[in-house]
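Peer 1: Before I ask anything, let me first share the structure, which is written out below as structure tokens.
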Amino acid sequence: MSSKKKASFIIITDHSCDRRDLEMKILQRNEKGYYIFNLEGSVALENTNKLKSFVKPYLEDSELKGIIFNMDKVSSIDSSGIGYIVSIYKKLKTRNCKFALSSLNRQSREVFTLTKLDKILVIVEDDQSALNIMSK
């Protein structure tokens, strides 16, 4: 993965129904080896495999230092989304890379608090805070 690649954008839609809440948008950018994914929409069963496919090439980048999921515009998250986030955290940890969640809305923050994952994962207010913590 070249660090010259500035940003990618994808829209994932479940075409089997008309529910707009199943749509997911992803905007990606690279900040000196830290990939930031701005997620918008539902991080749920309907989108998890597609999200995995989108993120996978970045996980394989030899210059990868860490990943940040900005969840400011996430409308919902289910157990599949949580499971995927935990799997990303584990993969990155085995490679001595960092992982953080930023800009969680109240609903998403509650999910991570109830599951006690807020004690394991780095959860911060914004992307810059994540970059500051991860680059130490």
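We did not get these values from a lab; they are worked out from the coordinates using the rules stated. The shown structure was predicted, so the numbers you read here are calculated from the model rather than taken from an experiment.
Peer 1: Run down the aspartates and glutamates and flag those whose C-alpha is under 15 Å from the C-alpha of LYS136, throwing out any fewer than 8 positions away in its chain.
Peer 2: Partners found: GLU31, ASP127.
Peer 1: Given Cα pairs under 8 Å that are at least 6 residues apart, what percent is the relative contact order of the stretch 7-134?
Peer 2: 21 percent
Peer 1: Now for a different question. How big is the gap, in Å, between the Cα center of the stretch 27-58 and the Cα center of the stretch 66-136?
Peer 2: 12 Å
Peer 1: Can you list the HN-Hα couplings for the stretch 107-122, worked out from phi with the Karplus curve (6.51, -1.76, 1.60; θ = phi - 60°), rounded to whole Hz and with x for Gly and Pro?
Peer 2: Per residue, the Karplus-derived 3J(HN,Hα) values read 4, 5, 4, 4, 4, 6, 6, 4, 7, 6, 6, 5, 8, 9, 8, 7 Hz.
Peer 1: For the stretch 67-136, what does the alpha-carbon gyration tensor say about shape, rounded, prolate or oblate, given a ≥ b ≥ c as the root eigenvalues, a/c under 1.5 as rounded, and a/b over b/c as prolate?
Peer 2: oblate
Peer 1: What aspartates and glutamates sit close enough to LYS52 to cross-link, taking a C-alpha to C-alpha distance under 17 Å and skipping anything fewer than 8 places away on the same chain?
Peer 2: ASP14, GLU23, GLU40, GLU60, ASP61, ASP78
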